[in-house]
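Participant: Structure in structure tokens, see below.
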There are 2 protein chains.
Amino acid sequence: MTNQPKYNIGLVIYPGMTHLDITGPHQVFSFVREARVHMLWKNLEPVTSAEGLTILPTTTFNECPQLDVICVPGGGMGTLETMADSEMLEFLKQQSETAKYITSVCTGSLILAAAGLLKGYRAGCHWLFREYLAILDVEVGTERVVIDRNRITGGGVTAGIDFGLVVVSQLCGEDSAKRIQLMLEYNPAPPFDAGSPEKAGKVLVEQMKESAKPLLEAALAQTKATAALLVE
Amino acid sequence: MTNQPKYNIGLVIYPGMTHLDITGPHQVFSFVREARVHMLWKNLEPVTSAEGLTILPTTTFNECPQLDVICVPGGGMGTLETMADSEMLEFLKQQSETAKYITSVCTGSLILAAAGLLKGYRAGCHWLFREYLAILDVEVGTERVVIDRNRITGGGVTAGIDFGLVVVSQLCGEDSAKRIQLMLEYNPAPPFDAGSPEKAGKVLVEQMKESAKPLLEAALAQTKATAALLVE
């Protein structure tokens, strides 16, 4: 790492995020030799994820350099609150004016959409929340990683690793991405085949929708409120 | 989470670890409803990974309850230093007397071996470090997740997600593991096929060994020193 990195990669964090949405990409990006990776928040106070993992930011919104890549993670209630966080949305808009890639993982795309950054774009989202992204006038892609011009958006949680490698290949070329894949021994072998709603089957999907009901109702309410603001 | 969780799962952290080795399993375990997940260190001061991610521990070694699962992540130079950290090794030995599962991800198995906890067992390791595990008199397994009685050890870095699901299936049953896999949308789609030395090919593997040479030399020295102590 030099004082003047070739790339500044900014990962936004916030209370209540799903941490693997951003720790996965962070691990991938940390092996890009020419990059400095920033963990961004409003201040340098610790930020606790929905799962209780507490991370220290490295850089504040105010002190953040112009980013080449900006990435927003998803989560549950914390994500819904962040969809209405004007300071966050303003920061995302401002950085997106010059960033080479504007990106998200999981329900992070709901936050990008709330900032008006996915209007007229295709984007991905956690399978349980795709319909809310559609309400925000975004064309929903169901691929693991959705690329539409300079928007690169991953599916749910673990998609952040595939996403990270895709971003590296776009930014630095395929050789860099393959080197990092080998370093991370990313040769996945899930012990079960239940990683998508199609594969998991109706029973498991319905159980999950039922147990997530309060969150999904809150998501619908927040999405409608955000959609109304975006139309204004 | 209740005051008396059914399971206490302890993830050890230390300076210079590879963070995804432990943030991956942490994300998986955080969805086990009956579990409390501890981030364990000697004190509650922030711990910074090799990649510059700073995490706050939740529980000290001294205050740690009897664990059902103990897990040790790997890393580079930080892992080699930890192989010689008597306070860490003592803690691992003590918890392992009663833990149901004694586990690691990546080069974390070198630390378990240094604590004498893999003697007579098969275990996995990051592909680049397998030969060092063998020097410590451990039978090396090349599967993504190696199970030998109550030792469950994952391969390099990203194997921690597969590993986490395997541990959950052993601890709570397959249905719990499948539910978590769906929640995490763990339906991997690596953009390249370079995630193992066999798939990546000789050129990439040799490049990586060359660039890791100082680390590999240090690993050999530390492993030999540890092996000598284990024989005594």
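The values are calculated or read from the model by the stated rules, or taken from the named source; none is laboratory data. Model, not experiment: these values are computed from the prediction. Cβ placement follows ideal geometry from the backbone for every residue including glycine, while neighbour counts extend to all protein chains displayed. For the accessible areas, the whole protein counts, side chains as well, though only heavy atoms, and no ligand, DNA or RNA atoms are used. Shrake-Rupley method; radii C 1.70, N 1.55, O 1.52, S 1.80 Å.
Participant: For chain B, list the DSSP H helices whose alpha carbon atoms reach 18 Å or more along the long axis and whose average Kyte-Doolittle value is 1.0 or above?
Facilitator: B:159-172
Participant: Once the Cα gyration tensor of the stretch A:7-231 is found, what semi-axes does its equivalent ellipsoid get, as square roots of 5 times the eigenvalues, in whole Å, sorted largest first?
Facilitator: With the √(5λ) rule applied to the stretch A:7-231, the semi-axes are 24, 22, 17 Å.
Participant: At a 1.4 Å probe, what is the % contribution of carbon and sulfur to the accessible area of the stretch B:1-98?
Facilitator: Roughly 44 percent of what the probe reaches on the stretch B:1-98 is carbon or sulfur.
Participant: I'd like to check one number: the per residue accessible area of the protein assembly as shown, probe 1.4 Å, reported in Å² as a whole number.
Facilitator: 39
Participant: Where in the stretch A:171-198 does the label zone of residue B:203 land, with the point 7 angstrom along Cα→C-beta and an amide N cut-off under 16 Å?
Facilitator: Residues A:173-180, A:182 qualify, since their backbone N sits under 16 Å from the label point.
Participant: Please report the antiparallel percentage of DSSP beta bridges with both residues in the stretch B:1-156, rounded to the nearest 5.
Facilitator: 25
Participant: Measuring from a point 7 Å out along Cα→Cβ, what nm distances, shortest first, does residue A:44 have to its partners in the other copies?
Facilitator: Inter-copy label distances (nm, one decimal, shortest first): 2.1.
Participant: Let me ask something else about it. For chain B, modelled as a Gaussian network with Cα springs under 10 Å, which listed residue fluctuates most, B:172, B:71, B:125?
Facilitator: B:172
Participant: Let me ask something additional. Can you list the distances in nanometres, one decimal and ascending, from the residue A:230 label point to the identical position in each other copy, with the point 7 Å along Cα to Cβ?
Facilitator: The answer, with the shortest distance listed first, is 5.6 nm.
Participant: Could you check the simple spin-label distance between residue B:119 and residue A:60, using points 7 Å along Cα→Cβ, in nm with one decimal?
Facilitator: Those two pseudo-labels are separated by 5.4 nm.
Participant: Enumerate the amide H contacts of residue B:201 below 5 Å, restricted to partners 5 or more residues apart or on another chain; note that Pro and chain-start residues carry no placed amide H.
Facilitator: none
Participant: Now for a different question. Can you flag which of A:202/B:6; B:178/B:224; B:93/B:202; A:42/A:100; B:178/B:199 are past 31 Å Cα-Cα?
Facilitator: Violating the 31 Å Cα-Cα cut-off are B:178/B:224; B:93/B:202.
Participant: In Å², nearest 100, what accessible area do chains B and A bury in total when the solvent probe is 1.4 Å?
Facilitator: The contact between A and B buries close to 5000 Å².
Participant: Give me the distance between the Cα centres of the stretch B:195-231 and the stretch A:200-232, rounded to whole Å.
Facilitator: What the calculation gives is 47 Å, centre to centre.
Participant: Report the Cα centroid-to-centroid distance between the stretch B:109-125 and the stretch A:55-109 in angstrom, as an integer.
Facilitator: Taking the Cα centre of each part, the stretch B:109-125 and the stretch A:55-109 sit 41 Å apart.
Participant: Between copies, how far apart are the residue A:218 label points? List them in nm, one decimal, shortest first, with each point 7 Å from Cα toward Cβ, please?
Facilitator: Distances to the matching label points in the other copies: 4.4 nm.
Participant: Rounded to the nearest 20 debye, what is the charge dipole size of the protein assembly as shown about its Cα centre when +1 sits on each Lys and Arg Cβ and -1 on each Asp and Glu Cβ?
Facilitator: Roughly 420 debye for the protein assembly as shown.
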